[in-house]
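Please find one structure pasted underneath; my questions will follow.
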Amino acid sequence: MYRDAHIHMQTYTRKPQQIKMKRNVWGAFSEVVLAEEKQTHRLVAIKRIPKKALQGKETSIENEITVLQKIKHPNIVSLEEIYDSPTHLYLVMQLVAGGELFDRIVERGCYTERDASQLISQILHAVHYLHQLGIVHRDLKPENLLYCGQEEDSPIMISDFGLSKLEDKGSVMSTACGTPGYVAPEVLAQKPYGKAVDCWSIGVISYILLCGYPPFYDDNDAKLFEQIVKAEYEFDSPYWDDISDSAKDFIQHLMDKEPQRRYTCDQALEHPWVAGDTALDKNIHESVSTQIKKNFAKNKWKRAFNATAVVRHMRKLQLGGSEEESVLSAVRGPIVPPPGPSATGPASLGEAFPSANALM
């Protein structure tokens with residue numbers, strides 16, 4: 001199915017530098033190495049995945065690779081090649097080395113509502129492209145938004161398609177998955193869902209970019225999910241006092257509890273806060289960066305979960321209460337424990353290698 005690694009990996013030379021790269025669903029047991037394409041001297045990231053670790057996960061792996069192979073967009077991390085050996089899969093990925101979104105905001109000296117608007121515009125264009133292809137990302141969050149390079153005008157890139165799904169004609173998605181705090185109400189309510197879940201997540205990201213803290217938060221998952229299912233959030237003073245009414249209107253349209261009323265990417269791209277000149281130029285860096293550092297150190301906001309166990313638990317309940325109560329009872333059940341931060345430290349690279357044999 002894939003090209004022979006022993007033949008084609010000879011075109012790359014491993015580099016000795018350490019590399020930090022966002023890990024996807026296979027990250028717990030894969031090694032990411034920096035490599036140089038010999039002919040062009042272009043740097044790439046190669047993910048080396050042991051096949052033993054993939055046993056039982058073949059369907060999800062094929063799904064993610066199928067999705068990645070369909071994508072070519074300037075704001076989405078690309079899968080360039082796939083190589084196969086008897087023991088490993090090798091994914092040659094576009095090198096994205098500009099760091100995470102939050103880190104860049106904290107480090108910069110000036111940050112405005114207009115900056116946030118331009119970031120969201122890039123994200124919307126990329127997600128609109130995915131939706132045109134019938135792809136739902138299902139795990140959009142700031143930790144999956146990386147800068148391509150260190151340049152000040154570097155584009156933002158969407159990464160991590162481990163939970164992404166191709167919409168099939170005549171079928172609907174219903175698996176509860178995502179990251180607590182960014183997941184849409186209909187997912188938690190066990191309703192069939194579609195592309196609108198990504199638009200909800202973009203609304204949550206927009207909210208955070210303008211104040212530095214999440215619209216929903218509680219140390220208790222049940223209470224957190226209650227807030228989300230009811231779409232209970234506020235534009236708190238003083239943090240939102242200097243934010244335009246246009247920005248708040250934009251967020252409210254994306255974070256509408258009802259997916260049928262929620263903005264699509266097309267509609268969001270036409271909103272004056274993105275397409276017009278209503279985004280303010282006032283420097284909000286101090287307030288936003290302070291809140292980011294305060295509120296996003298906890299692993300909880302960086303972990304994805306697959307709530308299949310929650311769904312099974314829901315089905316065993318005597319559903320005599322409200323929809324919200326059913327959800328809250330269920331989430332007290334077994335949620336998959338957090339695997340830790342999604343942004344990992346540098347992979348161990350060892351020595352530089354002279355040929356592809358060192359990769360295999």
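Just checking, does segment 264-272 include any residue being modelled with pLDDT under 90, of a type in the set (Ser, Thr, Tyr) and under 21 Å from the mean Cα position of the chain (by Cα)?
The answer is no; no qualifying residue exists.
So in segment 226-237, with the set limited to residues that are over 19 Å from Ala116 (Cα atoms) and in contact with a helix residue (DSSP H, G or I) (Cβ under 9 Å, 6 or more places away or on another chain), which one is surrounded by the most Cβ atoms within 10 Å (Cβ to Cβ)?
Once the filter is applied, the top-ranked residue is Ile228.
While we're looking at this one, here's another question. Taking the condition among the hydroxyl-bearing types (Ser, Thr, Tyr), at pLDDT 90 or above and either more than 25 Å from Val96 (Cβ to Cβ) or in the same structural domain as Gln69 (by TED's automatic domain parsing) (or both), does Ser164 pass?
Here the answer is no, as Ser164 does not meet what is asked.
Quick check on this structure: which one of Tyr182, Tyr217 is crowded, with 22+ Cβ neighbours inside 10 Å and either part of a loop (DSSP other than H, G, I, E, B) or out of contact with any strand residue (DSSP E or B) (no Cβ under 6 Å at 6 or more places or on another chain) (or both)?
Among Tyr182, Tyr217, only Tyr182 is crowded, with 22+ Cβ neighbours inside 10 Å and either part of a loop (DSSP other than H, G, I, E, B) or out of contact with any strand residue (DSSP E or B) (no Cβ under 6 Å at 6 or more places or on another chain) (or both).
With the requirement that a residue be aromatic (Phe, Trp, Tyr) and surrounded by fewer than 16 Cβ atoms within 10 Å (Cβ to Cβ), what does segment 29-85 give you?
Hit for segment 29-85 is Phe29, nothing else.
Hey, can you tell me all the residues within segment 220-253 that are among the small types (Gly, Ala, Ser) and in a helix (DSSP H, G or I)?
Correct list: Ala222, Ser246, Ala247.
Out of segment 86-113, which residues are closer than 25 Å to Phe250 by Cα and either free of Cβ contacts under 8 Å to residues at least 40 places away in the same chain or buried (at least 16 other Cβ atoms within 10 Å of the Cβ) (or both)?
The answer is Glu100, Leu101, Phe102, Asp103, Arg104, Ile105, Val106, Tyr111, Thr112, Glu113.
The values are calculated or read from the model by the stated rules, or taken from the named source; none is laboratory data. Quantities reported herein were computed from a predicted structural model and do not represent experimental measurements. Positions of Cβ are backbone-derived with ideal geometry, glycine not excepted, and every protein chain shown enters the neighbour counts.
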